[in-house]
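Before any comments, here is the structure.
The values are calculated or read from the model by the stated rules, or taken from the named source; none is laboratory data. In this text the structure is predicted, and so the values were computed from the model without any measurement. Counting neighbours? That spans all protein chains shown, and the Cβs are built from the backbone with ideal geometry, glycine included.
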Amino acid sequence: MTTSVLTIPNILTFFRMALVPVFTMLMIYGHEGWALAAFAVAGVSDGIDGFVARRFKQESELGTIIDPIADKLLMTTAFIILSIPSVFGPHPPSHLPVEPYVTIIVIGRDVLIIAVAGAINVMTGFRGFKPSWLGKASTFVQVVGVILILIAAVFPELRGFYLPTVYITVAFFAFASGVHYIFHVAKLMRESGDLQDQV
């Protein structure tokens, strides 16, 4: 674990964060095609920075903090924008909005995780939080889901074909991963306690 700031994975993460306002502006002014491209690049960069960090041993303390922040910032922004097109005044996006329940579950899951982690840290001082495999799967499903929603925005004839399935799948994985994370953290805490007992 390095303390360096300007590693390739961190630069990719900063780049992903910089794409968030770009994506937002493109959606506000109705350029769904370019918004799709920006979001796809951001999503791909998320996979690349993790691979580079592991493959070339460039994992850093900063990276462990800003990478999940960049993910949450991107996904939260995307789902909010895709849910409330009416806020954009004379330039509303031409897509159908995401069902509100999907956005509520996606954001609610993140709030739950932050609240649980914060409460545990305050009460016990435990800091060994790690993403669960189901949480990673949920993030992947969300990225793919937003891409599919934006594809439907670019090609309106596809809207009724698969969007209901996308909404249900994203909501299911978000809800399941949120509940699972509570048990995941409990397991991490038990393992941490066992290691301390052995020292």
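Results, tabulated for the structure shown:
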| quantity | calculated |
| --- | --- |
| Residue in the range 141-157 that is closer than 16 Å to residue 113 by Cβ, among the small types (Gly, Ala, Ser), modelled with pLDDT of 90 or more and surrounded by 13 or more Cβ atoms within 10 Å (Cβ to Cβ) present | no |
| The range 90-106 - residue that is in a helix (DSSP H, G or I) and more than 19 Å from residue 67 (Cβ to Cβ) and, of those, modelled with the lowest pLDDT | 100 |
| Residue list for the range 104-127, restricted to those being in contact with a helix residue (DSSP H, G or I) (Cβ under 8 Å, 6 or more places away or on another chain), within 28 Å of residue 78 (Cβ to Cβ) and among the β-branched types (Val, Ile, Thr) | 105, 106, 107, 113, 116 |
| Single residue of the range 21-79 satisfying the filter (assigned to a helix (DSSP H, G or I) and among the polar types (S, T, N, Q)) that is farthest from residue 140 (Cα to Cα) | 24 |
| Boolean, residue 53 is over 25 Å from residue 107 (Cα atoms) and under 19 Å from the mean Cα position of the chain (by Cα) | yes |
